[in-house]
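Colleague: Quick one: structure below, then a few questions.
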Amino acid sequence: MLLGIIKVEIFKVAATQKTREQFIELRAENINFDKIAKQLKVSKSSLILWSKIYELDIQNLRAITDESLNQRYKASQEHRLQMWSEHLESVREELKGQKVVKPFDAELLTPTKQVTWNG
């Protein structure tokens, strides 16, 4: 009988710990207390208390998440820059093989005859 009670208490502690970990993750994602209370089935007053107790854990997780996002953004930017650099180099190589006869002539774009519409 006593062993059964101990197992139940251990399960409750583990479940509570898991719930608190979920709470920390959700708060780090800036989810509001009302939504967390519904999701975790914990009172809002308990969540507010937990937010004070686990404030440092929440801040640390936010910092880690922000740093991860910054690294992914930087990697994405570097990848795009590399792609554009390679594209530019291929255009340069293509232009090396082109023979330019005459520079661009702006006169080609000016109309020689004015057309009027009598509609």
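The values are calculated or read from the model by the stated rules, or taken from the named source; none is laboratory data. Just so it is clear, the structure is predicted and the values come from calculations on it, not from any experiment. Please note: Cβ atoms are built from the backbone with ideal geometry, for glycine as well, and neighbour counts cover all protein chains shown.
Colleague: Filter the range 30-86 down to the residues that are outside any helix (DSSP H, G or I) and surrounded by 12 or more Cβ atoms within 10 Å (Cβ to Cβ) and list them by number.
Modeller: ILE31, VAL42, TYR54, listed by residue number.
Let's see how each residue does on (1) at pLDDT 90 or above; (2) of a type outside the set (Gly, Ala, Ser):
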position	(1), (2)
ILE6	no, yes
ILE10	no, yes
GLN17	no, yes
GLU21	yes, yes
ALA28	yes, no
ASN32	yes, yes
LYS38	yes, yes
LYS44	yes, yes
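Colleague: Another question, then. Would you confirm, using the coordinates I've provided, whether LYS96 is under 21 Å from the mean Cα position of the chain (by Cα), at pLDDT 75 or above and over 30 Å from GLN17 (Cβ atoms)?
Modeller: No.
Colleague: Which condition number in (1) at pLDDT 80 or above; (2) not in a helix (DSSP H, G or I) is the one that LYS113 fails?
Modeller: (1)
Colleague: What are the residues in the range 54-85 that are modelled with pLDDT of 85 or more, of a type in the set (A, V, I, L, M) and farther than 18 Å from ASN30 by Cβ, if any?
Modeller: If the condition is that a residue be modelled with pLDDT of 85 or more, of a type in the set (A, V, I, L, M) and farther than 18 Å from ASN30 by Cβ, then MET83 is the only one that fits.
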